[in-house]
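**Student:** Sending over a structure as structure tokens; questions will come in a sec.
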Amino acid sequence: MARTYKNFSTATLYHTNQSPFCKPKVFSTKILNLEPIIKDRSLTLCSTVSRNTRDNSIGLKHYVPTRSEVNQTDDTLISTTGKFGRFGGVFVPEILVTCLNKLVAEFSLILHDSEFQAELAMALRDYVGRETPLYFAQRLSNYFKNDDGEGPQIYLKREDLNHGGAHKINNAMAQAMLAKRMGRQSILAATGAGQHGVATAAVCAKLSLDCTIFMGDVDIERQSSNVILMRQLGAQVKSVEGTFKDATSEAIRNWVNDLENSYYLAGTAVGPHPCPSMVREFQSVIGKETRKQAMEKWGGKPDVILACIGSGSNALGIFHEFVRDEDVRLIGVEAGGNGIESGKHSATLAKGEVGVYHGSMSYLLQDDEGQIIGPHSIGVGLEYPGVSPELSFLKDVGRAEFYTVTDEEALDAYSMLCRLEGIFPALEAAHALAYLRKLCPTLPNGTKVVVNCSGRGDKDAATVFKYQQDRAQLTNI
């Protein structure tokens, strides 16, 4: 039986009938109704307004849409204006508008360019290593069986087997090809866990493009192995004080300074239009393969699809293909950190409020004055205070479910998969695996569950080992 979702119609999914570009003096308060909140209209156009010394971005709080705005949608699954219900859009300095317009036009062209698509398909096959397996985790499935020997059948979508060790290269390959087509020689990117950085550095080496990766000094220390790989691949790695959110701000700032020659290669499904739609589109190969492989393996669709949630690239990559299939549960798992009530977490959808950050509207972690709250997670790639506008929309209409797991639960899941299946997942992906412990007892026997194993966890081995040592010492006290 098909599940029913509030305010959701597969025929009318995304709001697309408004211009995404907000310019001075023509900003539409009808679209976003921000007039009571923002007295200075210039703030609505700038994603890097200095508000404190630690974080140069501002969030806009407390916007609540009318029911008609949520339901005002169009019959396309690709947002042509970057609006997903009330979320998304373009909140940038006017200097970026022309550049983003060009990117929108080029993105639209390559979606229908058979030569580009053929070249991309070849690169994904021969260089990235697609398609990735849909692996039946027999021992993991047995582990979650009940006393009667019943339980779900768990499959892993093995994005960890991609070149570079993560799903990130699907998008990096496509965008680097797009940048070269546009005549851009210099690629700029920001990374947290380093997986997007490694992917971007690799494809830039392949395509003979200059590559600069911005990375928070905190993350450079935590993910040093990926920093070494980026440099070996020829990338220049620039340290930024802070974490991924600060690196992103710095990458965008450098892009603005050289729009004619540089290209900002977004790895997350956030930012101004068309960045979220581009990342989602280039990652959607994950879900397309999953549908095909599921049909081959058991002659149907998955019953449940599970993915971790940071900003949303891997989740949307596997979710998007199944959004119209209302009998397929889509479950996203956020980083609960030290616990939701501790304040040390990255659970944007669970605890965030609507605001604007890095050029688009979505749920954000922010305080009562609209200042961004620093996120926390043992999975470095999940540490971001915002989330995809598309996932924000799917939450609002109830099409996807979102839950949290703690650092400790994710660390335990990492060890569990290592010992049961001989697979070491990234700590980011381990968050999705950790939720199986709560999910499996609720599922009927034989339920087909697909977990997106979005990355490889050798980068996290030292972190996990230290955690195990510390816990052993506490146990012996």
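The values are calculated or read from the model by the stated rules, or taken from the named source; none is laboratory data. Everything numeric in this text was worked out from a predicted model, so none of it was measured. In this analysis, Cβ positions are derived from the backbone assuming ideal geometry, glycine residues included, and neighbour counts consider all displayed protein chains. Note: areas computed on protein heavy atoms with side chains; ligands, DNA, RNA excluded. Shrake-Rupley method; radii C 1.70, N 1.55, O 1.52, S 1.80 Å.
**Student:** Within segment 116-225, which strands (runs of 3 or more DSSP E) (wholly inside it) include 3 or more residues that are in contact (Cβ under 8 Å) with a residue 12 or more places away in the chain and open to solvent by less than 10 Å² (accessible area, probe 1.4 Å)?
**Tutor:** In segment 116-225, the matching strands (runs of 3 or more DSSP E) lie at 153-158, 186-191, 210-216.
**Student:** Which residues, counting only those in segment 381-410, are farther than 21 Å from Cys275 by Cα and without any contact (Cβ under 8 Å) to a residue 60 or more places away in the chain?
**Tutor:** Correct list: Glu408 only.
**Student:** Evaluate the following for Gly352: is it touching a strand residue (DSSP E or B) at 6+ places or on another chain (Cβ under 6 Å) and either open to solvent by 10 Å² or more (accessible area, probe 1.4 Å) or among the polar types (S, T, N, Q) (or both)?
**Tutor:** In short, yes.
**Student:** Continuing with this model, one more query. Does Leu330 qualify as being part of a helix (DSSP H, G or I), under 18 Å from the mean Cα position of the chain (by Cα) and either in contact (Cβ under 8 Å) with a residue 12 or more places away in the chain or over 13 Å from Glu401 (Cα atoms) (or both)?
**Tutor:** Judged against the criteria, Leu330 is not a match.
**Student:** Residue by residue through segment 165-191, note down the ones that are within 16 Å of Ala123 (Cβ to Cβ) and among the basic types (Lys, Arg).
**Tutor:** Lys168, Lys180, Arg181, listed by residue number.
**Student:** Residue under question is Ser346, and the condition is that it be in a loop (DSSP other than H, G, I, E, B) and buried (at least 22 other Cβ atoms within 10 Å of the Cβ); does it hold?
**Tutor:** When the stated conditions are applied, Ser346 passes them.
**Student:** From the list Val92, Val97, which one is open to solvent by less than 10 Å² (accessible area, probe 1.4 Å), touching a residue at least 60 places away in the same chain (Cβ under 8 Å), among the hydrophobic types (A, V, I, L, M, F, W, C) and part of a loop (DSSP other than H, G, I, E, B)?
**Tutor:** After ruling out the rest, the residue left standing is Val92.
**Student:** Is it true that some residue in segment 429-451 is closer than 13 Å to Val333 by Cα, of a type in the set (D, E, K, R) and at pLDDT 95 or above?
**Tutor:** Scanning segment 429-451, I find at least one residue that is closer than 13 Å to Val333 by Cα, of a type in the set (D, E, K, R) and at pLDDT 95 or above, so the answer is yes.
**Student:** Filter segment 273-313 for residues that are touching a Lys or Arg at 6+ places or on another chain (Cβ under 6 Å) and open to solvent by 20 Å² or more (accessible area, probe 1.4 Å) and give the result.
**Tutor:** Asp303
**Student:** Can Ala335 be described as part of a strand (DSSP E or B), within 20 Å of Ala430 (Cβ to Cβ), among the small types (Gly, Ala, Ser) and in contact with a Leu (Cβ under 7 Å, 6 or more places away or on another chain)?
**Tutor:** Yes.
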